[in-house]
Each structure stands twice: as structure tokens, then as C-alpha cells.
1. Where residues in the range 1-26 are under 13 Å from the mean Cα position of the chain (by Cα) and of a type in the set (S, T, Y), which of them is nearest to T61 (Cα to Cα)?
2. Could you list, in sequence order, all residues of the range 172-187 that are of a type in the set (A, V, I, L, M, F, W, C) and assigned to a helix (DSSP H, G or I)?
3. Considering only the range 1-44, state which residues are closer than 20 Å to V225 by Cα and of a type in the set (S, T, N, Q).
4. Within 29 Å of G38 (Cα to Cα) and of a type outside the set (F, W, Y) - does that describe any residue in the range 171-178?
5. Does S41 fit the bill of being under 21 Å from S142 (Cβ atoms) and either crowded, with 24+ Cβ neighbours inside 10 Å or more than 8 Å from the ligand (Cβ to nearest atom) (or both)?
6. I'd like the residue in the range 68-96 that is among the small types (G, A, S) and either in contact with a Gly (Cβ under 8 Å, 6 or more places away or on another chain) or away from the ligand (no atom under 16 Å from the Cβ) (or both) and, out of all such residues, is nearest to A107 (Cα to Cα).
Amino acid sequence: MSIIIITGGSRGIGASAAKQCAAKGMGIILTYNSHPAGAESVVRQINAVGGKAVALALDVTKVRSFAAFRDDVAKALKSTWGKDHIDGLVNNAGYGNFNAIEAVSEAEFDGLLNVHLKGPFFLTQALLPLMAAGGHIINMTSATTRVATPGAAPYAAFKGGLEVLTRYMAKEFGPRKIRANAISPGAIRTDMTSKAFDQSPEFVTLLAGQTALGKIGEADDVGRVIASLLSEDNGWVNAQTIEVGGGYNI
Ligand SMILES: NC(=O)c1ccc[n+]([C@@H]2O[C@H](COP(=O)([O-])OP(=O)(O)OC[C@H]3O[C@@H](n4cnc5c(N)ncnc54)[C@H](OP(=O)(O)O)[C@@H]3O)[C@@H](O)[C@H]2O)c1
């Protein structure tokens, strides 16, 4: 059984990915930051249909906690699956914070940098000793790296950095047969976006109109791509950024 770590699995795209991966027979270690109840609910839903999942606490901005997190992962692997290795890591945790370049504070900038680029970099580094040969890393980026979206400059710049980092991971980890790909969602209705979408239905209409398939996406639209990319069917897909946006702004 493949074991996959999904950061930010308590809600949204990460929670969907956890359920879709479990449905394909993968064992799941999902992480939460501020919503343990959400994570426990996802674990219960997976276990209720015969899957196996555990939830661990992790703040991806706290690099100094990563060594202890690796120890937690090693213990969970052993006690839940009798295994020593993970087979996949999905660097998904994150948030959006939209502001014009002229108004962005240093604290906003650093927060986004830490969660979207520094965290995935050092978390991957920390977990590499546990990664099996033939494993897979997926980094969640954003279509804002391709389509300049006013207010998203720091977020998009760090997601763009994560896309570059993905190719470097593929290059450096290739000798261990570890793949690395980025998944770049378009606009998806989750907690991250629902406030803006609910406040401004015309924004949703605009985004839908800019999308070839004529609507915004749902978490499951991305979660099922994550599960598929992790499967051996996609074993020759490497070092790519795969946009999952229904044909956004083409
Ligand atoms: N929704 C979109 O339209 C969209 C589009 C493109 C890319 N993305 C990307 O997709 C990923 C998931 O977004 P989403 O829409 O699913 O968001 P979401 O529903 O708001 O969920 C965010 C998840 O990230 C976790 N998280 C946030 N800050 C964290 C931190 N410092 N440390 C650890 N975990 C943290 C949350 O954990 P807790 O709930 O436990 O705090 C939660 O599980 C993000 O990287 C986002 O940038 C989303």
C-alpha cells in the first residue's frame, strides 16, 4: 500500500485529495494547522469506507518543527501500517491574501513566502529520508502564475517559485526515481475563496466567463487529479506544471 502525506488535509482541496487517494487504496497521513476537528472528520470519513488515515498537527511556516514532525510521521507509519517509508508528499497547505503591490506589508509578504515556498522547500528536505525510491512529490501552485491577477502579486510570485522548485526537485531526486510535479488550479470554490465569491457573485460570473468550460471548479475537480497523478498510470509524468482550471483564460 502506498502511503501519502497531504499537508492542509483538514479542508478544501487537501481534504478532497485525501478522500480520493484513500478511495484508490492509498494510506493517508493528512495534516492540519488550526482545524483539528476538520482533520478528524476527514479521517473518520476515510476509515468509515474501509480506508486508513491518520491526522497529524503541522504548521508549515515553522521550519524548526519539521524534524519533530518527521519523527511523528515515522511513528505513525510504523504503528498504523508497519512501514518505514512514505510514497508521496503533497505540499498543499496554504492561504490567499490579496492586496495591491503598493499596499502589501512586509508581514503579509513574509507570511505568504513562508507558507507557499519556504515551507514546502524545507518540509520536502526534512521528509526526504523517509521517501521511498519511486516516490512522488506534488506541489500545489496556482493559475495566477500564468495569468497576472491584480492583488495576487506576492502569492503568485511564490507559487511561481514553487513551480521552478518543482523542476529542480525532479532533477535532483531523479536518481532516486522520485518524480516531482506541480498542480496549478484555476478558481476553485473552497474556504479560501468562498468569502470573496459569496460577497461578489459578479466575480464568480466573470471567472466562469473566462473559463472554457463555463464555471468555476470544486475541490473534487482538483482532488481527483492529485489522486490520479500519484498513481502508477502517470509514472512517466515528471517535472510538469499541470493546470487544472477548466480552460481558464486561454
Ligand atoms: N481555492 C482556489 O481557488 C485555489 C486556486 C489555486 C491554488 N490553490 C492552492 O491550493 C491549496 C489548498 O487551498 P484550498 O483552496 O483547499 O484552501 P482551504 O480550503 O482554505 O484549506 C487550506 C488548508 O491549508 C491549511 N493551512 C493553512 N495555513 C497553514 C499553515 N501555516 N500550516 C499548515 N497548514 C496550513 C489549512 O489547515 P487548517 O484548516 O487546519 O488551518 C487547510 O487544511 C493552497 O496551496 C492554495 O494556495 C487554491
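FYI, it's all coordinate maths here, none of it is from the lab. This is a predicted model, so every value here is computed, not measured. Virtual Cβ from ideal backbone geometry, glycine too; neighbours counted across all protein chains shown.
1. This residue is T7.
2. Once the filter is applied, which keeps residues that are of a type in the set (A, V, I, L, M, F, W, C) and assigned to a helix (DSSP H, G or I), the range 172-187 yields only F173.
3. If the condition is that a residue be closer than 20 Å to V225 by Cα and of a type in the set (S, T, N, Q), then S2, T7, S10, S16, Q20, T31 are the ones that fit.
4. No, the range 171-178 contains no residue that is within 29 Å of G38 (Cα to Cα) and of a type outside the set (F, W, Y).
5. Against the criterion (under 21 Å from S142 (Cβ atoms) and either crowded, with 24+ Cβ neighbours inside 10 Å or more than 8 Å from the ligand (Cβ to nearest atom) (or both)), S41 does not qualify.
6. G94
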